[in-house]
């Protein structure tokens, strides 16, 4: 019987998904790959992975919604969210829903493995750095977007912005400071 841990990679970008799958197989993991939330749930119900790496934005839904669904199958499953659209609001929401950790792309396999190990009370704390005003605005916009369940039109209305203006602001990648 195989004792290697099973890692489920949920990523819609095929090239990235296959590259990560190869990197984790080289590190001794059994790997399953899913290109959508529906595929991920089917695999999780059939295989019950110990670890799940999930992209935030999926073609058939939101990676945040996948977290409680996978946790319902097996509460011991450790989940790391990996996204190119990172914000404090979505990071908090991911952890609130049961994710172990949250990373922004690009992240290599070693960083992802370290993220699966984080989350305990003894995890080292990063020093807080002041954010730029652009970053604060971007974080606020993303928090409102999460509160509006990803509905850009509703978020624009709440923020008092034109929908296209909000889309332009969301497309920006502010610096981390």
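Can you pull out the residues in region 41-57 that are buried (at least 17 other Cβ atoms within 10 Å of the Cβ) and touching a strand residue (DSSP E or B) at 6+ places or on another chain (Cβ under 7 Å)?
43, 44, 49, 50, 51, 52, 53, 54, 55, 56, listed by residue number.
Do we find that residue 70 is within 18 Å of the chain's Cα centre (by Cα), in a strand (DSSP E or B) and modelled with pLDDT of 90 or more in this structure?
Taking the combined requirement at face value, the residue does not satisfy it.
When region 96-114 is examined, which residues are found to be out of contact with any helix residue (DSSP H, G or I) (no Cβ under 6 Å at 6 or more places or on another chain), in a helix (DSSP H, G or I) and in contact (Cβ under 8 Å) with a residue 12 or more places away in the chain?
112, 113
Could you run through region 1-15 and say how many residues are touching a residue at least 12 places away in the same chain (Cβ under 8 Å) and farther than 18 Å from residue 115 by Cα?
Residues meeting the conditions: 5.
Among the residues of region 121-174, write down those that are in a loop (DSSP other than H, G, I, E, B) and either modelled with pLDDT of 60 or more or within 19 Å of the chain's Cα centre (by Cα) (or both).
131, 132, 148, 149, 150, 151, 160, 161, 162, 172, 173, 174
Output the number of residues of region 72-97 satisfying the condition of being buried (at least 18 other Cβ atoms within 10 Å of the Cβ) and closer than 14 Å to residue 8 by Cα.
6
Sort out which residues of region 16-46 are over 21 Å from residue 115 (Cβ atoms) and part of a helix (DSSP H, G or I), and write them in order of number.
Hits for region 16-46 are 38, 39, 41, 42, 45, 46.
The values are calculated or read from the model by the stated rules, or taken from the named source; none is laboratory data. All values reported here derive from a predicted model rather than from experimental measurement. Glycine also receives a Cβ, built like all others from the backbone with ideal geometry; neighbour counts cover every protein chain displayed.
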